[in-house]
Amino acid sequence: VGTVLVWLGLGGILLAVGLWVFASAIVDLTAPGLADNGARDDAIRYLRSLAPLTALASITAVLQAACQAERLFPAMTIAGVANPFLALAIMVYYWDSLGLDGLVAGTLIGAIASLAILGSTTIVRRVAPSPHLISRGLGLRERARHAAPLTLSRALLHTQQIFDRAIASALVPGGVSALRYGDSIVRIPFGAIRPAYQTSIYPTLVQTTRRPSEVALGATTLRLVRYGLVFFVPLAGLTIAVAPVATRLLYDRGSFSDSDLALTAQVVAMAAPLIITWTVHPALTSALNARRKGLIMLAGGITTTVTNIVLDVVLGLLFGVPGIALATVIASVVVVNFMG
């Protein structure tokens, strides 16, 4: 773990430097509509300010994995809650004086606090990784062969999100905001459950791979999928039904107009089925990860990214920003069926 910590930390630092140097080119590529709205310079400044998050996130991810392996779930919970809570609290408190700069500061402070909580927990519980640049005899080469396709798959999935917002920014002013706000509402019912669900089931699935029975992993995965569908299919339907009410309740203030509310509610209704695939996806990916099927997960990442990009263009031109949300849903269904 100490060796992985060092190399991922160095990678995060290099990525932060790259984001700082190429910030203007990145913003022009990923959000072309911002130039027309006069927000390009602000986006470049925010990107450079948040660039250190890549290094912080890299180190935090390794500490989270160490805590997950040791089943230190309370510390992971506290760290997970502290990050967004501090970001929100600092943004609200300093909004009058700093505006969106308060969100930038809060996001950085929240990330540092989360890292500090996880790091101090591993020290107290005596499982803190000792940093090493090179370690031999630990099977790191085999892990790297598994991690490489997973890393590429995750990068492709992040590219999918960037492409979504790039298309939305070009379709209509405020399109990126409608997509983001709508996505946030959809994540509310599942956002508090999914991290705990995914974190807690993975050690269990890993243990089933060590049992004599060859069907243990499949049976456990199938049971998790069934329980998730029973609970979350009705929740997805409820989210669609209350989309206009929830949107008005959360956002009907300030500069949000009636047309903004209507567009965001359409995004919520289109994206609500993601709640179902988000339920199934962690069980399938965790099972494949437990068996180190990295190439299958890479193929899934390529499949969903290509599907999403093609549908973004087609459905975005046909239906606007709600079409982009629908494209994400269809791509998610495709990859879940592929992995299943």
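Ligands, DNA and RNA aside, Ser130 has an accessible area near 70 Å² when probed at 1.4 Å. Annotation for Ala262 and Arg126: the two label points, set 7 Å from Cα along the Cα-Cβ direction, are 6.6 nm apart. Comparing mean-square fluctuations of Val124, Val206, Val314 from a GNM of the chain with C-alpha springs under 10 Å, the top value falls on Val124. Note that the range 266-277 has calculated 3J(HN,Hα) couplings of 5, 5, 4, 5, 5, 8, 4, x, 4, 4, 5, 5 Hz, one per residue in order, obtained from phi through the Karplus relation 6.51 cos²θ - 1.76 cosθ + 1.60 (θ = phi - 60°); glycine and proline are x.
Mean residue ellipticity, 222 nm, helices only, the chain: the sum of -39500 (n - 2.57) across DSSP H runs of n ≥ 4, divided by residue count and rounded to 500, is -28000 deg cm²/dmol.
The amide H of Arg125, built 1.01 Å from its N in the peptide plane, has no neighbour under 5 Å, considering only residues 5 or more places off or on other chains.
Counting only protein heavy atoms and a 1.4 Å probe, tell me what percentage of the chain's accessible area is made up of carbon and sulfur. Whole-percent figure for carbon plus sulfur exposure: 67.
Here the chain is scanned for chymotrypsin sites (Phe, Trp or Tyr not before Pro) in DSSP loops (not H, G, I, E, B) that have at most 16 other Cβ atoms within 10 Å, and the longest stretch holding none of them is 95-340.
Please label the shape of the range 1-119 as rounded, prolate or oblate, based on the square roots a ≥ b ≥ c of the eigenvalues of the alpha-carbon gyration tensor (a/c under 1.5 means rounded; beyond that, a/b larger than b/c means prolate, else oblate).
Details: a/c = 2.99, a/b = 1.45, b/c = 2.06.
Oblate, because a/c is 1.5 or more while a/b does not exceed b/c.
Pick out, in residue order, every one of the trypsin sites (Lys or Arg not before Pro) in the range 224-289 that is DSSP loop and has at most 16 other C-beta atoms within 10 Å; say none if there are none. Mind showing how you got there, number by number?
Numbers: sites: Arg226, Arg248, Arg253; in loops: Arg253.
Filter output for the range 224-289: Arg253.
Note on the chain: with a GNM built from Cα contacts shorter than 10 Å, the maximum mean-square fluctuation among Ala272, Ala327, Ala66 falls on Ala66.
Of the trypsin sites (Lys or Arg not before Pro) found in the range 111-154, those that fall in a DSSP loop while having at most 15 other beta-carbon atoms within 10 Å are Arg125, Arg126, Arg136.
Across the range 62-77, rounded Karplus estimates of 3J(HN,Hα) from the backbone phi angles (6.51 cos²θ - 1.76 cosθ + 1.60, θ = phi - 60°) give 5, 5, 4, 5, 5, 5, 5, 5, 8, 6, 8, 5, x, 5, 5, 5 Hz, Gly and Pro being marked x. Once the chain from Gln198 to Ser24 is taken as fully extended at 0.36 nm per residue, the excess over their C-alpha distance is 59.0 nm. The distance separating the Cα centre of the range 205-271 from that of the range 1-36 comes to 30 Å.
Solvent-accessible surface of the chain, averaged per residue with a 1.4 angstrom probe and all protein chains in place: 55 square angstrom.
When the inverse distances between all different Cα atoms of the chain are averaged and flipped, the Kirkwood radius reads 21.7 angstrom. Could you tally the net charge around Ala43, taking each other residue with its Cβ under 15 Å from the Cβ of Ala43, Lys/Arg +1 and Asp/Glu -1? Local net charge: 0.
The values are calculated or read from the model by the stated rules, or taken from the named source; none is laboratory data. For clarity, every value in this text was computed on a predicted model and none was experimentally measured. Don't worry about glycine lacking a Cβ; one is built from the backbone with ideal geometry, like all the others, and counts go over all protein chains shown. Keep in mind that these areas ignore ligands, DNA and RNA; they rest on the heavy atoms of the full protein, side chains included. Shrake-Rupley method; radii C 1.70, N 1.55, O 1.52, S 1.80 Å.
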